[in-house]
1. Please give the number of the condition A192 fails out of (1) surrounded by fewer than 24 Cβ atoms within 10 Å (Cβ to Cβ); (2) more than 17 Å from H138 (Cα to Cα).
2. Against the condition in contact (Cβ under 8 Å) with a residue 12 or more places away in the chain, aromatic (F, W, Y), assigned by TED's automatic domain parsing to the domain that holds L347 and not in a helix (DSSP H, G or I), how does F303 come out, does it pass?
3. Identify the residue in region 78-108 that is out of contact with any helix residue (DSSP H, G or I) (no Cβ under 6 Å at 6 or more places or on another chain) and outside any helix (DSSP H, G or I) and, among all such residues, is farthest from G58 (Cα to Cα).
4. Which numbered condition trips up T142, out of (1) among the hydroxyl-bearing types (S, T, Y); (2) surrounded by fewer than 19 Cβ atoms within 10 Å (Cβ to Cβ); (3) in contact with a Leu (Cβ under 8 Å, 6 or more places away or on another chain)?
5. Taking region 282-293, which residues are within 26 Å of the chain's Cα centre (by Cα) and among the hydrophobic types (A, V, I, L, M, F, W, C)?
6. Residues to consider are A206, A216, A187; find the one that is touching a strand residue (DSSP E or B) at 6+ places or on another chain (Cβ under 6 Å) and within 23 Å of N103 (Cβ to Cβ).
7. What's the number of the only condition in (1) at pLDDT 90 or above; (2) touching a His at 6+ places or on another chain (Cβ under 8 Å); (3) not aromatic (F, W, Y) that A94 fails to meet?
8. Farther than 17 Å from P49 by Cβ and under 16 Å from the mean Cα position of the chain (by Cα) - does that describe any residue in region 120-135?
Amino acid sequence: MAIGLFTLAALAGIAYTSPVLHRRATSNDTTVFTNYNGLNFTQMNTTLPNVTIFATGGTIAGSSSDNTATTGYAEGDVTVLNLIDAVPSLLDVANVAGVQVANVGSEDITSDILLNLSKLIHQYVCDDPNMSGAVITHGTDTMEESAFFMDATVNCGKPVIMVGAMRPATAVSADGPFNLLEAVTVAADPNAKDRGTMLVMNDRIASTYYMTKMNANTLDTFKSVEMGFLGELISDKPYFYYPPSTPTGKAAYDVNNVTTIPRVDILFSYQDMHNDTLYNAIEAGAQGFVIAGAGAGGVTTSFNYAIEDVLNRLEIPIVQSFRTASGEVPLSDVSSTTASHIPSGYLNPQKSRILLGLLLAQGKNLTEIAAAFSPSVDD
């Protein structure tokens, strides 16, 4: 698969009032249609929906000299145009444009990238009545964090689909191409509207509000253990189990005027946990914390005193979550008569960190932050 450069053409005000088919581009002529937003399409069939793929890198864009390697490969080697060219069946279900937002492993995705991505989706998808949905290609290791951010900040009703791969593009039986085809298919499906951001991988459709990565290596890594999946695909045909609904506790946040997300650290609970990790992080600039607590948010007695000191004296928000794969932190397990502890409810540490960062970016105080988490708490 040839590696090429993907560039956006100059803005072109081209409009059609009747069905038009521009033939698929050849390898020497990759752009046949440019919409008013400057997005390049390798075909334009006005009988098909339009979908934009926003590429950030990850395993789905990875490569290796060893076609059996599923570890140790180079992430983010393949551009969005190469991904589109590698799956010609995409053009049987939609007209596809690509935007290269980043090309990194998901561990290098930053809050600045997420802010930019959210704003680009609003510009190119939400605000364009001719666009059906968005697909985001992303590494799987931190996909749930980016997905939660998009679910919270893109709420125009059009589907936003997260997709990745557990095997690089050069591997035998690479899962990326078919995952990408299914993701575009779901993004183009009218039944996918008003379901928020979803993940499509391994023939499953999941709500990203609850979905998490459960295994470091296997293809069926993403699961919502208690909440289940929204649907599945068979022979690239989506089937949704339920009508659209909003997860309990989900809220929408406008980041149009947000330029930066404050630093929020996650601290892991363990036996003999040291208080200095909390105070040192504050000195280093952390403006909020999430505790990956033992059981339902548990920490040592000494660390609990440190939490209450920070809450009462510095008014820095600290959300107590869980270090297990799933579960809930109820208020009753962390409540105190001497400080206003904030339980995460059903949100794991990764998602709690994203939510707390968004709340801090909007200037919320301790009381408002606790109220934002409370709908996810069942007591």
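The values are calculated or read from the model by the stated rules, or taken from the named source; none is laboratory data. These numbers come from a predicted model, not from an experiment. Cβ atoms come from the backbone with ideal geometry, glycine included; neighbour counts cover every protein chain shown.
1. If we test A192 against (1) surrounded by fewer than 24 Cβ atoms within 10 Å (Cβ to Cβ); (2) more than 17 Å from H138 (Cα to Cα), just (1) comes out false.
2. Numbers: in contact (Cβ under 8 Å) with a residue 12 or more places away in the chain: yes; aromatic (F, W, Y): yes; assigned by TED's automatic domain parsing to the domain that holds L347: yes; not in a helix (DSSP H, G or I): no.
For F303, the condition - in contact (Cβ under 8 Å) with a residue 12 or more places away in the chain, aromatic (F, W, Y), assigned by TED's automatic domain parsing to the domain that holds L347 and not in a helix (DSSP H, G or I) - is not met.
3. Here the answer is N95.
4. Status for T142: all satisfied but (3).
5. Our first condition is that a residue be within 26 Å of the chain's Cα centre (by Cα); within region 282-293, this holds for 285-293.
Selection gives A286, F289, V290, I291, A292.
6. On the way: A206 fails: within 23 Å of N103 (Cβ to Cβ); A216 fails: touching a strand residue (DSSP E or B) at 6+ places or on another chain (Cβ under 6 Å).
Answer to the selection: A187.
7. So A94 meets the others, but not (2).
8. So in region 120-135, the residues farther than 17 Å from P49 by Cβ come out as 120, 122-123.
Okay, now just the ones that are also under 16 Å from the mean Cα position of the chain (by Cα), so 120, 122.
Yes, region 120-135 has at least one match.
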